[in-house]
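Reviewing the structure listed below.
The values are calculated or read from the model by the stated rules, or taken from the named source; none is laboratory data. No experiment lies behind these values; they were computed from the predicted model shown. No Cβ is skipped: glycine too gets one built from the backbone with ideal geometry, and neighbour counts run over all protein chains shown.
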Amino acid sequence: MVQNGSWEWLIEGFKIDLETQVKPKTVKDYCDHVSYFARWAQNSNRNDPRSVNKRDIQEFLHFVASTPAIFVTGNGAKRQIQRDENSRWHHYFPLKRFFTWAVNERHLQQNPIDSIVLKPPTAARGLVNRCVNVRQGRAPLPA
């Protein structure tokens, strides 16, 4: 039985909520990223999600950017990829959504990621700027 308030319990609730709002691939991606953080937090003796603070998240984001990712390919071979600073964004955004959800649902009292602001990766930043310019009428719609 999953304990009320545990990482697993919260992630399952988050997943159920996401399923009503986003595509299945997004649900899987977000839950995978949050689960990765939860495993990291538990390995850092943060077994209770309520004990996570801003510094824990900053340390995790640094870990993500500075530690190679290991993937298992379709044929079972392991492949190692060096991550960069932009890798943090792919973990930051799902964590921000998760912790915001947990606070809104009153599972947590405060959001440890609220005061952490990351800029989107360079390519995404350009896309965001183009979208803002289009909405504000300062740029033509792409062909």
(1) assigned to a helix (DSSP H, G or I); (2) farther than 17 Å from Asp29 by Cα all hold for Phe93 apart from (2)
Taking the stretch 1-34 and keeping residues farther than 19 Å from Ile113 by Cα and not in a helix (DSSP H, G or I) leaves Met1, Val2, Gln3, Asn4, Thr20, Gln21, Val22, Lys23
When every residue in the stretch 12-34 that is touching a helix residue (DSSP H, G or I) at 6+ places or on another chain (Cβ under 6 Å) and either without any contact (Cβ under 8 Å) to a residue 60 or more places away in the chain or among the hydrophobic types (A, V, I, L, M, F, W, C) (or both) is compared, the one surrounded by the fewest Cβ atoms within 10 Å (Cβ to Cβ) is Glu19
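Select from the stretch 35-80 the residues that are outside any loop (DSSP other than H, G, I, E, B) and touching a residue at least 40 places away in the same chain (Cβ under 8 Å) and list them in ascending order.
The answer is Tyr36, Phe37, Pro49, Arg50, Lys54, Asp56, Ile57, Gln58, Leu61.
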Among residues of the stretch 96-120 being outside any loop (DSSP other than H, G, I, E, B) and aliphatic (A, V, I, L, M), the residue nearest to the chain's Cα centre (by Cα) is Ala102
Would you call Pro112 more than 24 Å from Thr20 (Cα to Cα), at pLDDT 95 or above and not acidic (Asp, Glu)? yes
